[in-house]
Amino acid sequence: MDKDFLPFHPNPTKPSYVPPKGAVDAHCHVFGPAAKFPYAPQRKYTPGDASAEKLFELRDFLGFSRNVIVQASCHGTNNDALVDALEKAKDLARGVAVVDRDISIEQLKNLHRAGVRAVRFNFVKRLVDIAPPETYLSIAKKIAELGWHIVIYLEAPDLEELIPFIKQLPTIVVIDHMGRPDVSKGVASPGFMRFVDFLDNTPNIWTKVSCPERLSITGPTYEDVVPFSKLLVENFTDRTLWGTDWPHPNMKSHMPDDGHLVDMIPKIAPEQKQRQALLIDNPQRLYFDI
Ligand code: 0GY
């Protein structure tokens, strides 16, 4: 584990908000264990192990029913730890894999059988060496045949440049963590409005209202992030997902209390029908109905 890598919160608070039965934590990871699933040689960070068992313990403690487990960059394109976690979850998890351009349809079908329903394209430079667009377009073409979608991780300053590429993608595209806005600038800022307009004009774009701990300037109550998530839930109720982002890789300032993150849900989705969409209907449609 890197010297400055913070381990996940050892004893999160029991949330007061009780998620509805069937609720999905649609963004979380498993790391290792390294002894069984070594980290990729080309990784940009080395995390502490965060096992499937720990993830499922947290799921139950927080009152969630299901997970979407996202392959993290430290495991590269070897999805073995993810597949192992999906098998252990039985039918209670789905996966988002990271794959090489030359992956075969047969290999993709094996991942599908294990519960994978999407691939992730990561454009965050501190996490990966970004490939040329043709690589991603070629993967996109293959996975579209299986009815999968694409998850994209990017940072707000790179959105403008990536829009023409994203518009070429043939599937639903989910953008992680609200496109990582600069919350110090406010919801009306041109940067965030660009993101909102993009969703407005492009019906196949979804987003995750996740990661206030990475975006907040004010610190662990994350109040400054609420207006951003709330606006997206209100305007794109049937295109938003929610996730913990456990075990919160690369958090440097502090480690979030996962119970507190859950208690933010009624603030960002104040209406019952919004919470039903965010936690059940939307992830059900994207991950569990296919
Ligand atoms: C996240 C965020 C991060 C890491 C990764 O794949 C990854 O390594 O996604 C990050 O460092 O911001 O969504 O987990």
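The values are calculated or read from the model by the stated rules, or taken from the named source; none is laboratory data. This one's a predicted model, so the numbers in the text were calculated from it and none came from an experiment. Virtual Cβ from ideal backbone geometry, glycine too; neighbours counted across all protein chains shown. Note: areas computed on protein heavy atoms with side chains; ligands, DNA, RNA excluded. Shrake-Rupley method; radii C 1.70, N 1.55, O 1.52, S 1.80 Å.
Filtered by the rule that a residue be away from the ligand (no atom under 16 Å from the Cβ), open to solvent by 50 Å² or more (accessible area, probe 1.4 Å) and either within 21 Å of Phe121 (Cα to Cα) or outside any helix (DSSP H, G or I) (or both), the range 181-195 gives Ala188, Arg194. Inside the range 213-230, residues that are modelled with pLDDT of 95 or more and open to solvent by less than 40 Å² (accessible area, probe 1.4 Å) make up a count of 9. On the stretch given as the range 24-36, residues that are within 11 Å of the ligand (Cβ to nearest atom) and either surrounded by fewer than 24 Cβ atoms within 10 Å (Cβ to Cβ) or assigned to a strand (DSSP E or B) (or both) total 3. Total residues in the range 252-290 satisfying the condition of being of a type in the set (A, V, I, L, M, F, W, C), within 22 Å of Glu223 (Cβ to Cβ) and surrounded by fewer than 19 Cβ atoms within 10 Å (Cβ to Cβ): the figure is 1. Could you check, for the range 150-171, whether at least one of its residues is open to solvent by less than 20 Å² (accessible area, probe 1.4 Å), in contact with a Lys or Arg (Cβ under 6 Å, 6 or more places away or on another chain), at pLDDT 95 or above and not aliphatic (A, V, I, L, M)? Looking through the range 150-171, none of the residues is open to solvent by less than 20 Å² (accessible area, probe 1.4 Å), in contact with a Lys or Arg (Cβ under 6 Å, 6 or more places away or on another chain), at pLDDT 95 or above and not aliphatic (A, V, I, L, M).
Does Asp2 satisfy the condition of being closer than 24 Å to Val151 by Cα, within 16 Å of the ligand (Cβ to nearest atom) and in contact with a Phe, Trp or Tyr (Cβ under 8 Å, 6 or more places away or on another chain)? Answer is no for this residue. Of the residues contained in the range 160-180, none is found to be more than 25 Å from Pro133 (Cβ to Cβ) and within 16 Å of the ligand (Cβ to nearest atom).
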